[in-house]
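See below for the structure under consideration.
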Amino acid sequence: MSEEAARRVREMVDAVYRSDSRRVLATLIRLLGDFDLAEEALHDAFTAAVERWPRDGVPANPRAWLVSAGRFKAIDAMRRRARFDASLEEIARRFDTETSDPTGRDEESVEDDRLRLIFTCCHPALPPDAQIALTLREVCGLTTEEIARAFLTGPPTVAQRIVRAKAKIRDARIPYEVPVRGDLPGRLDTVLHVIYLVFNEGYSASAGSSLTRPDLSGEAIRLGRLLIDLLAEPEALGLLSLMLLHESRRTARTSPAGELVLLGDQDRSLWNRELIAEGSALVQRALSSRRFGPYTLQAAIAAVHAEAPAAGATDWAQIVGLYDVLARADPSPVVELNRAAAVAMRDGPLAGLTLIDGILARGDLADYYLAHSARADLCRRLGRTTDARASYERALRLTQQDPERRFLERRLGELPD
Amino acid sequence: MKYLCLIYSDETQWPKLPKADADKWMGEYMEFTDHIKKSGHYVGSNRLQPTQAATTVRIRNGKLSTTDGPFAETKEQLGGYYLIEARDLNEAIQVASRNPGARHGSVEVRPVMDVTRP
């Protein structure tokens, strides 16, 4: 084979790795029943592909070839280790007979394997940090170092979370399966929550000098798309819609100098119309199912904003109505706060302020900077400068994010003496 | 990305091992090396002579001093290393966990600094 042809095969192997390595891994985990063994087998399968495809040609179904090669390599590795540990011979024999025809399975079961992988990585028995790290590494294919960079932590910390999570999956025998219908809503919630956390970390990074980390939002959206391809549940549609609608405003959300720009002040011509159209269509689909929940409702609110040609043309009555439904579906002080802000837009600052003071008087959201900055804003609009100053200062003490701090400092500076 | 796997163990135990056990360990190391060569993880490796063969060199105030023995006295000593290529730290940990050294001593996995990256 010419050098040129060999290079083309290598590129082909790389392309297959990018497009299919996660699918192959998901199937190997099912066949071998062990994450580490499956990852080693995946690696060995691609090594074999680099060796053999230039010689034998690229197989007609590369994915099936890789699954088969990985399984074979794993049994081989077991046999090799069995020379030092006799108990492995039995396991190797079992694999050899029980999993004899991995390639005969149809496309649908391969897709099921991807879903199994997502549900296992997001199993509620694993700590939330571990769910996120494991999902990003095993489902999205990020490296430990990339995950550590995204979450501003050290690779050894992330590596340890992943090692521990895999040990727990093995030792606690967390099953590799899609939950049965009765368990599905609860388990799906955990998966959606993991995706939502990844998105939020990318959209409004909790600490650091930059406001957003687009890579993580991109991964979360990819995960959301994968999930609705595999399981088009209304709330999965709702979450993807919510993420796309937020993502559509990314450019408008920060000024060229890196400063935070609030929704009402954003240049709406910078909003990404394609993402808005896709997000709006998804939320319509979710709403029409009549089985929607909090993600869909938040997406519906985001869609009302997205449809307003100017901030002044926002349909605040509809937004308050959606918050009313959301407050019933998923009651929380944060939802109440957002509802209060919408009421202030519909009925005036005093109505909103009364609601926020009610939340704070109960002792809720005392350490939530957005509650104090929203209160400060309403006081400012009512001309209650002393109250506004106190609340901006309180908010400032509660946020660690540089652009948000600068925004609050700017507002403080703008108050009349 | 490259990782250096440093194998530490109590070197005083090696000479005390019966020949059959020592052969078994050696066999396992050879098996391991062979396997990671095939899998493409292997970059290089060496076994080191015991620390009694070590000399520590320092230059202080322009004067060369040499001392007999290792830089620091520890319960486990560096006995060898593998330089491996792995996708990420978790893959490197997986490879290191298959190293026989992880069972008779400990394997320290150190990412190699990539000077081409900022």
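A short reminder: the numbers here are calculations on the coordinates, not readings from a lab. Predicted, not measured: the structure shown is a model, and the values here were computed from it. Reconstructed Cβ throughout: ideal geometry from the backbone, glycine too, with neighbour counts over all protein chains shown.
General remarks:
- Translational diffusion coefficient (Stokes-Einstein; Kirkwood radius from C-alpha pairs) of the stretch A:2-44 at 37 °C, 0.692 mPa s, in µm²/s: 291
- Of the Cα atoms belonging to chain A, the radius of gyration and Dmax stand at 25.6, 82 Å.
- Under the convention that each Lys and Arg Cβ holds +1 and each Asp and Glu Cβ holds -1, the size of the dipole of chain A around its Cα centre is about 340 debye.
- For chain A, built as a Gaussian network whose Cα springs stay under 10 Å, the top-fluctuating residue of A:203, A:295, A:369: A:369
- Its Cα gyration tensor gives the stretch B:2-46 an equivalent ellipsoid; the semi-axes, largest first and in whole Å, are 24, 14, 5.
- The fewest-to-most ranking of A:275, A:398, A:192, A:297 by surrounding Cβ atoms within 10 Å reads A:398, A:275, A:192, A:297.
- Fewest-first ordering of A:336, A:51 by other beta carbons within 10 Å of each residue's beta carbon gives A:51, A:336.
- Counting only residues at least eight positions apart within a chain, or on another chain, the lysines with an alpha carbon under 26 Å from that of residue B:38 are A:73, A:166, B:2, B:24.
- Here the sum of -39500 (n - 2.57) over DSSP H runs of 4 or more residues, divided by the residues of chain A, equals -23500 deg cm²/dmol at 222 nm, to the nearest 500.
- Chain B - Rg over Rh from alpha carbon coordinates, Kirkwood radius: 1.03
- Estimated inter-spin distance, residue A:384 and residue B:19, nm [label 7 Å along Cα→Cβ]: 9.2
- Among B:55, B:74, B:66, the largest mean-square fluctuation in a Gaussian network model of chain B, built with springs joining Cα atoms closer than 10 Å, belongs to B:66.
- Centroid-to-centroid separation of the stretch A:354-378 and the stretch B:14-62 [C-alpha atoms, Å]: 64
- Rounded to the nearest 0.05, the FRET efficiency derived from the C-beta distance between residue A:307 and residue A:329 at R0 = 30 Å is 0.85.
- Here each label is just a point 7 Å from Cα along the line to Cβ, and for residue B:115 and residue B:52 those points are 3.8 nm apart.
- Cα gyration tensor shape for the stretch A:190-307, rounded if a/c is under 1.5, else prolate or oblate: oblate
- Per-residue Karplus couplings for the stretch A:362-371, computed as 6.51 cos²θ - 1.76 cosθ + 1.60 with θ equal to phi - 60°, are listed in order as 6, x, 7, 6, 4, 9, 9, 4, 5, 5 Hz, Gly and Pro entered as x.
- In the stretch A:315-417, inverting the average of 1/r over every pair of distinct C-alpha atoms gives 13.9 Å as the Kirkwood radius.
- Evaluating 6.51 cos²θ - 1.76 cosθ + 1.60 at θ = phi - 60° for every residue in the stretch A:46-58, the Karplus couplings come out as 5, 4, 5, 5, 4, 6, 8, 4, x, 8, 9, x, 6 Hz, glycine and proline recorded as x.
- Choice from A:72, A:292, A:119 with maximal GNM fluctuation in chain A (Cα, 10 Å cutoff): A:72
- Neighbourhood charge, 13 Å Cβ-Cβ cut-off, centred on residue A:310 and excluding it, Lys, Arg +1 and Asp, Glu -1: -3
- Residues A:243, B:30 arranged by fewest to most Cβ contacts within 10 Å: B:30, A:243
- With contacts taken as Cα pairs under 8 Å at a separation of at least 6 residues, chain A carries a relative contact order of 10 percent.
- Whole-Å distance, taken between Cα centres, linking the stretch B:65-80 and the stretch A:214-277: 57
- In order through the stretch B:7-19: 3J(HN,Hα) via Karplus (6.51 cos²θ - 1.76 cosθ + 1.60), integer Hz, x for Gly, Pro: 9, 10, 7, 6, 5, 6, 7, 4, x, 7, 6, x, 4
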